[in-house]
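Asker: Please find one structure pasted underneath; my questions will follow.
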Amino acid sequence: MLDSKTKLISLLGHPVEHSIGPAMHNAAFKETGLNFVYLAFDTTHLNTALAAMKGLNFRGFSVTIPHKQKIVELLDRVDPLAAKILAVNTVVNENGVLVGYNTDSDAAINALKGKISLSGKKVALLGAGGASRAIAFGLQQEKALTTIFNRTFEKAKSLAKAVGCEYSQFEKLESFKPEIIINATSVGMSPKSASSPVDKRVLKNKPLVFDVVYTPLETVLLKQAKTAGCETVSGLEMFLEQGAEQFKLWTGQDAPRELMREVVERELAK
Ligand code: ATR
């Protein structure tokens, strides 16, 4: 029941109407008996939205497109990893002090570590946008041997320099023989879900394949990988991990992951 003690959590972004965060987090609060509520706010006015979060004593909030980068300079404190990534997707209000985190990075790493150890592994990270940046810093912390491949070569180079890893051209992916391939491009995401970022020849050495894309749940890349006999990790695992970590940051409790998985699968099937 919502009452005068209900703790408020929000999502700030634009657009937000397709977000499954509210369904996932509200179900998790209900399951754990926590008097919290999660509300989505479609806003392009980040400064005033932040003042409102403080003024109305929200416990925390998620941040999504287009605010993840801009918010970094507007917060009171930023966790060191989020500061390196230059993007925040989660904020906790610690008695009027807004503290920013990036749960995407740990989420990707935890999703991978469920299947494989990362230290010393040869990783091909595809893409050089926001998702790739979060994952690249996480991989670096885990001492993986990361090479970034991106359609726009200059962006691969500049991200690799920021992270301190390697970069290369897409055409060299097959001869690179990665042990792990991570797709952090938007290739394969619906509505353009018929494409894959790689040719199936790249999969012949059976690398583990992780696709950050989770709409559709099984991308063409994951289908190719399964056919080639590769181990796979889906974007759903990363989405759930980042949500579970947010839940912990706001409530101090472990998230009910299985319930969250059920809710997310149900929402994605709609
Ligand atoms: P996000 O924040 O989700 O990572 P983004 O910052 O827009 O999104 O980055 C999208 C990534 O997907 C980029 O690496 C982009 O490559 P470019 O830097 O060359 O634009 C990549 N990408 C998008 N469409 C692509 C396509 N059709 N083929 C190859 N790469 C593509």
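The values are calculated or read from the model by the stated rules, or taken from the named source; none is laboratory data. All values derive from a computational prediction rather than experimental measurement. Using ideal geometry, Cβ is built from the backbone for each residue, glycine included, and neighbour counts are taken over all protein chains shown. Keep in mind that these areas ignore ligands, DNA and RNA; they rest on the heavy atoms of the full protein, side chains included. Shrake-Rupley method; radii C 1.70, N 1.55, O 1.52, S 1.80 Å.
Asker: When the residues of region 214-231 are narrowed to those that are among the hydrophobic types (A, V, I, L, M, F, W, C) and in contact with a Leu (Cβ under 8 Å, 6 or more places away or on another chain), which ends up surrounded by the fewest Cβ atoms within 10 Å (Cβ to Cβ)?
Answerer: Step by step, filter region 214-231, then rank; the result is 217.
Asker: Within region 191-235, which residues are more than 21 Å from residue 108 (Cα to Cα) and either of a type in the set (A, V, I, L, M) or in contact (Cβ under 8 Å) with a residue 40 or more places away in the chain (or both)?
Answerer: Scanning region 191-235 gives 194, 202, 228.
Asker: So in region 27-85, with the set limited to residues that are of a type in the set (S, T, N, Q) and within 15 Å of residue 250 (Cα to Cα), which one is nearest to the chain's Cα centre (by Cα)?
Answerer: By that ranking, first place goes to 62.
Asker: In region 49-87, what residues are part of a loop (DSSP other than H, G, I, E, B), within 14 Å of the ligand (Cβ to nearest atom), of a type outside the set (A, V, I, L, M, F, W, C) and open to solvent by 20 Å² or more (accessible area, probe 1.4 Å)?
Answerer: Selection gives 64, 66, 68, 69.
Asker: I've got another one for you. Would you confirm whether or not region 88-109 contains a residue that is open to solvent by 50 Å² or more (accessible area, probe 1.4 Å) and within 13 Å of the ligand (Cβ to nearest atom)?
Answerer: no
Asker: In addition: Does residue 185 fit the bill of being modelled with pLDDT under 95, surrounded by 16 or more Cβ atoms within 10 Å (Cβ to Cβ), more than 30 Å from residue 93 (Cβ to Cβ) and not assigned by TED's automatic domain parsing to the domain that holds residue 36?
Answerer: Against the criterion (modelled with pLDDT under 95, surrounded by 16 or more Cβ atoms within 10 Å (Cβ to Cβ), more than 30 Å from residue 93 (Cβ to Cβ) and not assigned by TED's automatic domain parsing to the domain that holds residue 36), residue 185 does not qualify.
Asker: Need the failing condition index for residue 146 against (1) open to solvent by 10 Å² or more (accessible area, probe 1.4 Å); (2) in a strand (DSSP E or B); (3) more than 14 Å from the ligand (Cβ to nearest atom), just the number.
Answerer: The one condition residue 146 does not meet is (1).
Asker: Right, another one. Go through region 163-270 and tell me which helices (runs of 4 or more DSSP H), entirely inside it, have 2 or more residues that are within 16 Å of the ligand (Cβ to nearest atom) and not hydrophobic (A, V, I, L, M, F, W, C).
Answerer: In region 163-270, 235-251 are the helices (runs of 4 or more DSSP H) which contain 2 or more residues that are within 16 Å of the ligand (Cβ to nearest atom) and not hydrophobic (A, V, I, L, M, F, W, C).
Asker: Oh, and also: Quick check on residue 151: is it in contact with an Asp or Glu (Cβ under 7 Å, 6 or more places away or on another chain) and surrounded by fewer than 22 Cβ atoms within 10 Å (Cβ to Cβ)?
Answerer: Spelling it out, it is not the case that residue 151 is in contact with an Asp or Glu (Cβ under 7 Å, 6 or more places away or on another chain) and surrounded by fewer than 22 Cβ atoms within 10 Å (Cβ to Cβ).
Asker: Applying the selection to region 110-140, what residues are away from the ligand (no atom under 15 Å from the Cβ) and within 22 Å of residue 63 (Cβ to Cβ)?
Answerer: Correct list: 110, 111.
Asker: Sticking with this one: Filter region 26-48 for residues that are open to solvent by less than 40 Å² (accessible area, probe 1.4 Å) and under 27 Å from residue 84 (Cα atoms) and give the result.
Answerer: Within region 26-48, 43, 46 meet the criteria.
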